[in-house]
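The values are calculated or read from the model by the stated rules, or taken from the named source; none is laboratory data. For clarity, every value in this text was computed on a predicted model and none was experimentally measured. Methodologically, a virtual Cβ is constructed for each residue, glycine included, from the backbone with ideal geometry; neighbour enumeration extends over all protein chains shown. Areas reflect the complete protein model, heavy atoms only, side chains present, ligands, DNA and RNA absent. Shrake-Rupley method; radii C 1.70, N 1.55, O 1.52, S 1.80 Å.
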Protein chains: 2
Amino acid sequence: MNDQSTPSYRPLYQQIKEALVSRIVSGAWPPGTFIPSESALSQEYGVSVGTLRKAVDALANDHVVIRHQGKGTVVAMHDSDSSLFQFFHLMRLDGTRSLPISQVLLRERRSATVEEAKVLGIAANAEVVHIRRIRVLDEVPALLENLVVDAARFPALESEPQTLPNTLYQLYQQRFKQSVAKAEERLFAVAADAQDQKHLGVEVGSPLLEVRRIARGLQGEALEYRVSRCETQQHCYWNEL
Amino acid sequence: MNDQSTPSYRPLYQQIKEALVSRIVSGAWPPGTFIPSESALSQEYGVSVGTLRKAVDALANDHVVIRHQGKGTVVAMHDSDSSLFQFFHLMRLDGTRSLPISQVLLRERRSATVEEAKVLGIAANAEVVHIRRIRVLDEVPALLENLVVDAARFPALESEPQTLPNTLYQLYQQRFKQSVAKAEERLFAVAADAQDQKHLGVEVGSPLLEVRRIARGLQGEALEYRVSRCETQQHCYWNEL
DNA sequence: CAGTGGTCTAGACCACCGC
DNA sequence: CGGTGGTCTAGACCACTGA
């Protein structure tokens, strides 16, 4: 919900939500740390607990923060089971899900294409880091991923760390202080080309599911543009409405 | 009264939410009608306004009900613009969306297949109504839909009404008192067959997006099983994470 | 046990709608 | 103007956690 049409009046809890987000973005509360208790925060901001709760509720709803009754509220990390599957919608035909392991095929720094620059919101000839990898599920190549990020936002990603982790968003968060908070995906059915044949072991021309994802940070900035091609004999893309 | 000392603790607002849902399901508040005001309902249930609000908030979040500040809260109808697109995730490549018009190709009553019976939760040889239609977007055939519903739950749907409306969920709600509240979709990439060629005008073997949807009612019962095949040259499937 | 988040209350005031 | 939902308060008690 994003209407800035009425600058006249803004609910307190929304202002506080944004204040909390910027404190997280600033690095004052790194992922994995517990934020102050609700009563402490309500005193700090000079509002009632109920109002502060509404702000934190909104953050928890956006998966920015995770509540734990009796313990406290922790800034979401991209390695907790709960958030691992937020951006991974492939599942086996029987409904079970697990994360694929990955094998990097290409990793380079180059100029952005027109499309990439537009999606990432960077200058026309700015540099990007391009990673291509294949992801293996149940010992079968399931996904061929191509992703680009702004090289200025992710410095030296083309060479460091030497080996890339399975879950890149975790790396983005820990090494580059960039948390992926939401994403938009557009899905297409496409015909496999020679590259798909080589890496996924499918016939040229056979149908593949192509997922084009724009991953965004806590404040809506585009962080990554990712195009994945997936075989849907063993797996499918799952969605709840 | 609010005693109900349940063995396992359940928050009051959840109990009230369910009470409200069953009143909607029972037909006491048909879609489109305004439910009583929050203060009236809080008195009726003997709880504070805040607690009742939390119940209604949950309903609004599930799109069961729509709030209108200054007017009241209305039971969701499947013809309001806001809910029309809840279950329709196809959009043009430029991001705009509109609803397709439809043309019925087949409409019959027959025995359920094993898969259909399992999905709909009905007996192995129970009867279903099967509707096949083609949906046209921007004057181009975009979707080939096949859907089945339990014939017992939707009596005489195979023949009445004589002409089917564009938005079937509206018909389900108005004529059969069955509101689709949520759905699960599984997406696949498939190769077009002769039937797809005939109706969508694509080459046999060309890639299509297949969407298999289970539509569920207010209390989770499977109402409809729908398999759609879609051309993704002009359109794509859109999702937000 | 003290401290956290989760529920619930009773009331105040504000923004909005329709008459 | 009265009635609706939306915000906010101040405080109580409950359920859960960990030392």
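Find the accessible area per residue for segment B:81-237; the probe is 1.4 Å, ligands and nucleic acids are left out, and the unit is Å².
Accessible area per residue, segment B:81-237: 44 Å².
Position B:Thr33: other-copy label points at 5.4 nm, ordered by increasing distance, label point 7 Å along Cα→C-beta. In segment A:1-83, the ratio of gyration radius to Kirkwood radius, Rg to Rh, stands at 0.98 when only Cα atoms are counted.
Based on the Cα coordinates of the protein assembly as shown, what is the per residue volume of their convex hull in Å³?
Details: hull volume 92.0 nm³, N = 482.
Spelled out: Cα convex hull of the protein assembly as shown, divided by residues, is 191 Å³.
Counting from the shortest, the label point at B:Glu160, 7 Å from Cα toward Cβ, is 7.6 nm from the same position in each remaining copy. For B:Ser98, nonlocal amide neighbours, meaning residues 5 or more places apart or on other chains whose placed amide H falls under 5 Å from its own, are B:Arg92.
Starting from segment B:32-70, pick out the trypsin sites (Lys or Arg not before Pro) whose DSSP state is loop and whose Cβ has at most 12 other Cβ atoms within 10 Å. Here no trypsin sites (Lys or Arg not before Pro) fit, given the DSSP loop and packing criteria. Among the protein heavy atoms of the protein assembly as shown, carbon and sulfur supply 50% of the accessible surface, probe 1.4 Å, non-protein parts ignored.
Each Lys or Arg adds one and each Asp or Glu takes one away; over the other residues whose Cβ falls under 10 Å from the Cβ of B:Met91, this sums to +2.
Summed over both chains, the accessible area lost when A and B associate is about 2300 Å², using a 1.4 Å probe. Interface residues of segment A:161-202, defined as those with an accessible-area decrease of at least 30 Å² between the chain by itself and the complete set of protein chains (probe 1.4 Å), are A:Ala183, A:Glu184, A:Glu185, A:Arg186, A:Leu187, A:Phe188, A:Ala189. What does the copy distance list look like for B:Leu105, label position 7 Å along Cα→Cβ, in nm and ordered from shortest? Here the equivalent label points are 3.5 nm apart from this one. When only the Cβ of Lys, Arg, Asp and Glu is charged (+1, +1, -1, -1), the dipole of the protein assembly as shown relative to its Cα centre reaches about 820 debye.
In summary, the lysines within cross-link reach of B:Lys54, defined as a Cα separation below 19 angstrom excluding same-chain residues under 8 places away, comprise A:Lys54, B:Lys17, B:Lys71.
DSSP loop GluC sites (Glu not before Pro) in segment A:171-216 with at most 16 other Cβ atoms within 10 Å of their Cβ, which ones?
A:Glu203
For the protein assembly as shown, the mean residue ellipticity at 222 nm estimated from helices alone is -7500 deg cm²/dmol, where every DSSP H run of n ≥ 4 contributes -39500 (n - 2.57) and the total is divided by all residues, rounded to the nearest 500. Relative to the dominant Cα principal axis of chain A, helix A:12-26 is inclined by about 60°. Centre-to-centre, using Cα atoms only, segment B:182-214 and segment B:76-140 are separated by 13 Å. Per residue of peptide B:230-240, the mean number of Cβ atoms on other chains within 10 Å of the residue Cβ is 5.
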